[in-house]
1. Between Arg220 and Leu2, with labels modelled 7 Å along Cα→Cβ, what's the label distance in nm to one decimal, could you check?
2. By per-residue mean of other Cβ atoms within 10 Å, what is the highest-first order of 184-195, 362-373?
3. If you roll a 1.4 Å probe over region 2-81 with all protein chains in place, what percent of the accessible area is carbon or sulfur?
4. Mind ranking 4-17, 321-334 by how tightly packed they are, going by the mean number of other C-beta atoms within 10 angstrom, highest first?
5. Any idea how far apart Leu10 and His30 come out in nm if each label point goes 7 Å out from Cα toward Cβ?
6. First measure r as the distance between the Cβ atoms of Ala312 and Thr177, then evaluate 1/(1 + (r/R0)^6) with R0 = 30 Å and state the FRET efficiency to the nearest 0.05.
7. Report the net charge of residues surrounding His246, where surrounding means a beta-carbon distance below 12 angstrom and charges are Lys +1, Arg +1, Asp -1, Glu -1.
8. Ignoring any ligand, DNA or RNA, what whole percent of the accessible area of region 167-281 comes from carbon and sulfur when the probe is 1.4 angstrom?
Amino acid sequence: MLTHLVTPLLMCIGMGLAYLGAFAHPAPHHLPVAVVGSSRSAQLLAQSINDKAGGDLEVRTVAHRSTAVDQLKHQDIFGAYVPKGDGSGKGRGGAGDGNGQARVSGNAGAAGDGRSAGDARTAGDARSAGDARSAGAGNAATPELLVATAASDTSASVVQKIFTPLAAQQGAPLKVTDVAPTADDDPTGQGIFFLLVAISIGSYASVAVIGGAGAVLPIRLRAALAVGTSFVVSLIGTAFAGPVFHLVDHGLWGLWGMAWLYSAGILLIGTGLHTFLKRWTTLGVMALFVMLNFTSSGGIFRPEMQNGFFAALHSFWNGAGFVEGVRSHVYFDGYGLSGHLWTLALWLVVGVLMVGVAALAERRRRSAEAEAAANAAAVAAAAVAATVPEPAPKPVRGPVDDGVEEELEEAVGV
């Protein structure tokens, strides 16, 4: 019993190290953001923020607001600050047009007092028109922060905390614009992460059943059960994401496909590992698909908000492939989706290979057991032959001996 208690104690240690190591002290590490503007002041502002951040941020400048929006939707940056009075670099042209029209109207007004009053109004209208065009062209009345909460709500919150004091220095409130909002029923975008949790638990818990109760079955039948179970788990996850909780409002078929790839990879890897790990399989799959998987998925904190270990895992772990793949499919028009699909497919291939290795190991184990049993039987037969003496041959009896024996039998009444 004490030896079996080692497993839950190791789970406790592993979960504590993984979750607290990944989530206890979130802080930006080279988080990419941008300052919008092509002027010298925008470049100086970006350089100043970089110097003060000390490696926490990677600040770049982009000339136009539309460019910043594109980079946010491609997840190249996670925030873009549009300073007051800047934006696209076209504001000065608009202002110049307004002033020019005002000057022309002013000259016309010198022709007479009556006309001068009307022309003065014309000049005012011209200035108003020029100012309006100037504001529309890029001269923001208040500083603006562009974010994409669908990429990461926590990253958007961190960026907002960074740039809010900067806007206060300009004497204006910060306007926050979300260029990639999440579904109405998933305002933080973290529903995808909890969907990952549900699918993962359904998958690795089934490994214990298939490996334990199904241990007497052939490996090919266990693999078929794993694939069938992953199909059911993916359907359950899709139902949660769509009609039950409305985590996504479109793209359910694509989500189902990624859920099946993800679940099948876990079940096949776990089924293959059970051949080697036996009762340690539960601990092994929890380490792979809970401790290292949930923490590196990017569902709560993106890799830019984590330390280097979990940030590195995010680049190839299957949970990250699922979370980022669903985000790309649902919110970012499929940008980068192929890479995430390849990640899920490679984990599925690893599962198939693991089952193949397990099948070879079980075949060799059966052959070794059969050979050992045959050798044991041969040794036992040889031992019996060596310890039990052979019966002595009976003497050849003649007819006289037979007659004497019959007389003796009659004498004793046999």
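The values are calculated or read from the model by the stated rules, or taken from the named source; none is laboratory data. Predicted, not measured: the structure shown is a model, and the values here were computed from it. Neighbour counts run over all protein chains shown; Cβ positions are idealised from the backbone, glycine included. Quick note on the areas: whole protein, heavy atoms, side chains included, nothing else; ligands and nucleic acids left out. Shrake-Rupley method; radii C 1.70, N 1.55, O 1.52, S 1.80 Å.
1. 4.6 nm
2. Details: 184-195: 17.7, 362-373: 10.4.
Result, highest mean first: 184-195, 362-373.
3. Roughly 62 percent of what the probe reaches on region 2-81 is carbon or sulfur.
4. 321-334, 4-17
5. 3.4 nm
6. Rounded to the nearest 0.05, the efficiency is 0.40.
7. -4
8. Working: 3710 of 5210 Å².
Carbon plus sulfur share of accessible area: 71 percent.
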